[in-house]
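To start, the structure under review is shown below, and the notes come after it.
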Amino acid sequence: MERLEVLKTYKIYIGGKFPRTESGRFYNPLNSKGEQLGNICLSSRKDVRNSVVAARKAFGGWSERAANNRGQILYRIAEMLEGRKTQFIEELMFQGSTKKAAENEVNVSIDRLIYYAGWSDKYMQVLGSINPVASSHFNFSMHVPMGVIGVVADQTTSLIGLVSNIAPVIAGGNTCVVLSAENLPLCAITFAEVLNSSDVPGGVVNILTGSPAEMIKPLTTHMDVNGMVYSGNDRSTIKKLKESSALNLKRIMTYDEDWIKADAQNLYMLSDCQEVKTTWHPIENIGGATSSY
Amino acid sequence: MARKEINKSKVTWDYSPAMESSSHINLKKKYDLYIDGKWVKPSSGKYFDTINPANKEKLSEVAHANDKDVDKAVKAARKSYKGVWSKTTPAERSKYIYRIARLMQERAREFAVIETLDAGKVIRESRDVDVPLACNHFFYYAGWADKLEYAFPNRKVEPLGVAGQITPWNFPLLMAAWKIAPALAAGNTVVLKPAETTPLTALKLAEVIHDAGLPPGVVNILTGFGDTGAAIVDHDDVDKIAFTGSTGVGKIIQNAISGTDKKATLELGGKSANIILEDAPLDQAVEGIVNGIFFNQGHVCCAGSRLFVQESVAEKVIEKLKHRISSLVIGDPMDKNTDIGAINSKEQLDTIDKYIKIGLAEGATMYQPDCVLPKTGYFCKPTLFMDVAQSSRIVQEEIFGPVLTIQTFRTVDEAIQKANNTPFGLAAGIWTDKGSRIFNLASKLNAGVIWANTYNKFDPTSPFGGYKESGYGREGGLHGLSAYVKLK
C-alpha cells in the first residue's frame, strides 16, 4: 500500500512561535491550475498588533547585536535556505513557476541574503562620518536602526520579493512585521521556518499571511511602528500608507523593483531604514602646546 | 552651609547699557515679493506689518502672497530649473553659492541687527551664532556642488527640480540658509516662504542673492502666512517640500502630499532631555542647562527642556541653577549684555503663559528669579518647574519658551527610559565625566543629535534632525544633501 502523505498545516510566525491566526480565519488561494494551495491563515489586526509587540520586544537585543554577529546570522539564513532548496522549488512550482524560474528564484534569494549579510558590518563605515566642525568638538555621525518596520512585501512573487524586502531591514538592526504575498503565501511560511532555524531571535521577523488590504491600516496606524517598506506600485495603497503614517510621522519607503534582477539590491535600501545620529563632545583646548612640538 | 549662603546672596551686578547701533541698516518701508529676479507686487495688493517684539514698534511691511503669486513663483522656478540652472555647470553653481556666502559675510552686522529687531533674539546670539552659521552654511554647501558623486557611492546624482521651502521664526536667516544652500548645491531651484513674524532677513537675503547675480527664478522668496505655505505645499509642480516648524503642521503636510510623488523633509518639534549624572562637572553642567533651555529664549526645537538630574546631586544642581538664573540679564535684545531677549510674538507669549498656568494647575512647584521685565514688548522670566510627573503636560508637550521641567532619577537605566518616553526624538544632552557612560547613554537615547558635556552646538558640517515625531531627514553635512537629490 502506498504511504499516506502528511499534509502541512500552514501557520504564521509571531515572536519566534508558529501560531495559527488568533481569529481562526483562513482562506484558500488557488494556483493557476485551480488547485487549492491550502488552508492559509487569514491574519487579523490583532495578529498585526501582537506582531508589533513581539517586534518591539526583540528590537533592543537585535539592534545591539554586534554587526559581525548580524552578518553571521544573515549568512546562516542563506545556508538554511540553500539546504531546503528543493522544498522552495517545489512550492514555487506548485504556485505556478516553471522549474527553471523556480530554481533561479531560490538561487537569487540565497545570493541576496549573502549580499546583505556582507553589508551588516560595512554600511557604518561607508555611510558614517566624522564632521569637521569649526568649534573645539569631536563630532561624528553614525547610522542607527530606525526601530520596528512594517513591510508590505512584493505581491507578485512568493520568495524573492519577501527576501529582498526583509534582508536590508534586518541587516541594519531593525525588526519587522511582514505582510506576505496574499496569493502566493507558501514560501513566506516556509521561509519563517528557515528563519526559525537560523539563530534569528524570535520577534526580529514576524510574518503574517492574509490580506494586506485588511492589515495595512492597523499596521500603518500603529503608534509603535517607526517606518513602512512598501514593495509595489499601487498608487492608492501608497497614498493610504502615507496618509495614515502622518499620525506619528512614520517614514515611508516605496520600491517598485523587479526583485529577480541581480541588481535589485543596494546599500540605499539598507540606509533607508536607518536614522542618522550625531554626537558632539568638547575637545579640551587649553595650554599652548600644539602638534608642532 | 555654603549652599545656603549662595542662595542668600542676591546677585546685583549692574551693567551699563551697551547698545548695538541700528543706524547702518537699510530697511525699506515696504517689501514686495521676490519672484523671477524681480520685486513684484502681491496680486492681492495686501501687505502686513512686521514688528519688533521687544517694543512692538513697526519695522516695515511685507507682501502677503496668495496662491496666484505662489504659482507665478513656482513657474519661474521651473523655467529657470529647465532653462538655466540645470544647464549651469556644477563648478559654476558652486561659485554662485560661494558668492552668496561672501556677500552675506560682508553685510553680516546688518543681518544680525535686523534679525534681532525682527525676531527679538539677543544681538549677542544673532551676531555670534545665527549670522556666521548662516554664512558658513552657504560656504560649506557651495563646495559640494561639483563633488556630489563623492557623497553617494555607486550612484548617479540628479536634482529633484523645484523645492518648496517653509522656514520658522526662531532662527529666520539661519533656517533659510539651511534650506537654500543644499538645494542650490544639488542643482534645484527654490521657492521659499519665511515665517510671518520674521520675514525681513529672508528678504535681505533675496537682495544678496540678487546682488550675487544668480539667474532670475533660481531663488524666489515669498512672504505670507499659513495660507501661502499651504499653496506651496499643494502646488502640483513642486517636487520637494522642506519644512521646519511644529509637529502639528508637519503632520498636516505629510497628509497633504500623501497622494503625490513629492519628497519631504520635516524638521519638527522636540522635548529634549538634558541628563546630569552625579559625576558631572556640576558648574559646567549648570552652564549647559542654562544654554540648553534659555538660548534664544527657549525658542529652539532642540532645547533641553526636560532636565534630568541624578538624585544624589539634585538638590545641589537645582540650587546652583536658581542662583545662576538670578544673574541672567533679561531685556532689550539690542543690548550686548542681554542674555534673554524678547519672546517672538504675542501669540507665542500667550502659549508660554498657558503652559505655565497648566504647570501650576498640575501641582508643579514653580521658580522664577526676582527680576524686572521691560514694560513694553513681549518678555517672559526664565522659569523652572520642579515636582513634575512624567505624565505632566509640561513634561510631554513642547512649550517653545524659557520653561524648564526638572525630574530626578536614581539609575542610568531610569534616566534612559524617562528620556526616551516621549513622542519626540530630536536631541539629548549628557553630562558626566565617564567616557564609557557617555557612549552607553549616547547609543541608547533615541535622538538625532547627542550633545555630551555640551549643548546647543551647531555647525554646517554636522547633520541635524530627529527621530519619530521630531520629523525626518537631516540638514547639514554630507547627509543633508540626500534631501535634495535623486539617486539613479
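The values are calculated or read from the model by the stated rules, or taken from the named source; none is laboratory data. Quick caveat: nothing in here was measured; it's all calculated off a predicted structure. We place every Cβ from the backbone using ideal geometry, glycine too, and count neighbours over all the protein chains shown. The area values use the complete protein model at the heavy-atom level, side chains included, leaving out ligands, DNA and RNA. Shrake-Rupley method; radii C 1.70, N 1.55, O 1.52, S 1.80 Å.
At a glance:
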read-out	value
Helical mean residue ellipticity (222 nm; -39500 (n - 2.57) per DSSP H run of 4+; nearest 500) of the protein assembly as shown	-12000 deg cm²/dmol
Nearest-ten-degree value, helix B:108-119 long axis tilted from longest Cα axis of chain B	70
Table column - 3J(HN,Hα) (Hz), region B:358-373, Karplus curve with 6.51, -1.76, 1.60, x for Gly and Pro	4, x, 5, 5, 7, x, 6, 9, 9, 10, 10, x, 7, 9, 9, 8
Counted charge near A:Lys240, where neighbours are those whose Cβ lies closer than 13 Å (Asp, Glu -1; Lys, Arg +1)	+2
Contour excess over end-to-end distance, with Cα ends at B:Glu287 and B:Phe225 and 0.36 nm allotted per residue	18.6 nm
Summed buried accessible surface, chains B and A, 1.4 Å probe, nearest 100 Å²	3100
Karplus 3J(HN,Hα) series, Hz, for region A:215-226 with 6.51 cos²θ - 1.76 cosθ + 1.60 (x for Gly, Pro)	8, 4, 5, x, 6, 6, 8, 6, 6, 9, 9, 8
By average C-beta atoms within 10 angstrom, highest first, the peptides B:472-479, B:391-398	B:472-479, B:391-398
Cβ-derived FRET efficiency at R0 30 Å, B:Asp236 paired with B:Thr89, nearest 0.05	0.50
Per residue accessible area in Å² of chain B, where ligands, DNA and RNA are left out and the probe is 1.4 Å	37
Threshold 40 Å² - residues in region B:136-159 whose accessible area is reduced by that much or more when the chain is no longer isolated, probe 1.4 Å	B:Pro153, B:Arg155
On Cα atoms only, tilt of B:67-83 relative to the major axis of chain B in degrees	70
Between region B:433-488 and region B:294-327, the Cα center-to-center distance that results, in Å	22
Per-selection Kirkwood Rh - region B:270-452 (Cα, Å, 1 d.p.)	16.4
Simple spin-label estimate for B:Lys346 and A:Lys99 in nanometres, 7 Å along Cα-Cβ	8.4
FRET efficiency estimate (nearest 0.05) - Cβ-Cβ, A:Gln125 to B:Lys354, R0 35 angstrom	0.15
For peptides B:321-329, A:143-151, B:36-44, sequence by mean Cβ density within 10 Å, most packed first	A:143-151, B:321-329, B:36-44
Filter on B:Lys147/B:Lys486; B:Lys46/B:Lys204; B:Lys28/B:Lys58 - keep pairs with C-alpha separation over 18 Å	B:Lys46/B:Lys204
Gap separating the Cα centres of region B:126-186 and region A:100-171, nearest whole Å	28
For B:Leu59, distant residues with modelled amide H under 5 Å away	B:Thr50, B:Ile51, B:Asn52
Relative contact order (%) - criterion: Cα under 8 Å, at least six apart; region: chain A	24
Net +/- balance of residues flanking B:Thr247 in space, Cβ distance below 9 Å, scoring K and R +1, D and E -1	-1
Carbon/sulfur fraction of accessible area - chain B, other protein chains in place, 1.4 Å, %	51
Candidates A:Trp259, A:Trp280, A:Trp62: whichever shows maximal mean-square fluctuation once chain A is modelled as a Gaussian network with Cα springs under 10 Å	A:Trp280
Lys/Arg +1, Asp/Glu -1 at C-beta; region A:9-106 dipole; positive extreme among A:Met93, A:Asn28, A:Trp62	A:Trp62
Estimated FRET transfer efficiency when R0 is 41 angstrom, pair A:Ser23-A:Thr156 (beta carbons, to 0.05)	0.95
Neighbourhood charge, 14 Å Cβ-Cβ cut-off, centred on B:Ala112 and excluding it, Lys, Arg +1 and Asp, Glu -1	-2
Shielding of A:269-279 by partner chains, average beta-carbon count, 10 Å	6
Whole-number percent relative contact order across chain B, with pairs defined as alpha carbons under 8 Å at least 6 apart	18
Average beta-carbon neighbours from other chains, 10 Å sphere, peptide B:259-268	2
Cα centroid of region B:404-427 to Cα centroid of region A:37-69, whole Å	27
Residue-wise HN-Hα coupling along region A:253-268, computed from phi with Karplus coefficients 6.51, -1.76, 1.60 (Hz; x: Gly, Pro)	10, 10, 10, 10, 10, 8, 5, 6, 5, 4, 9, 7, 7, 6, 4, 6
Inter-chain shielding of B:461-470 (mean C-beta neighbours from other protein chains, 10 Å cut-off)	6
Cα-based shape type of region B:205-293, given that a ≥ b ≥ c are square roots of the gyration tensor eigenvalues and the cut on a/c is 1.5	oblate
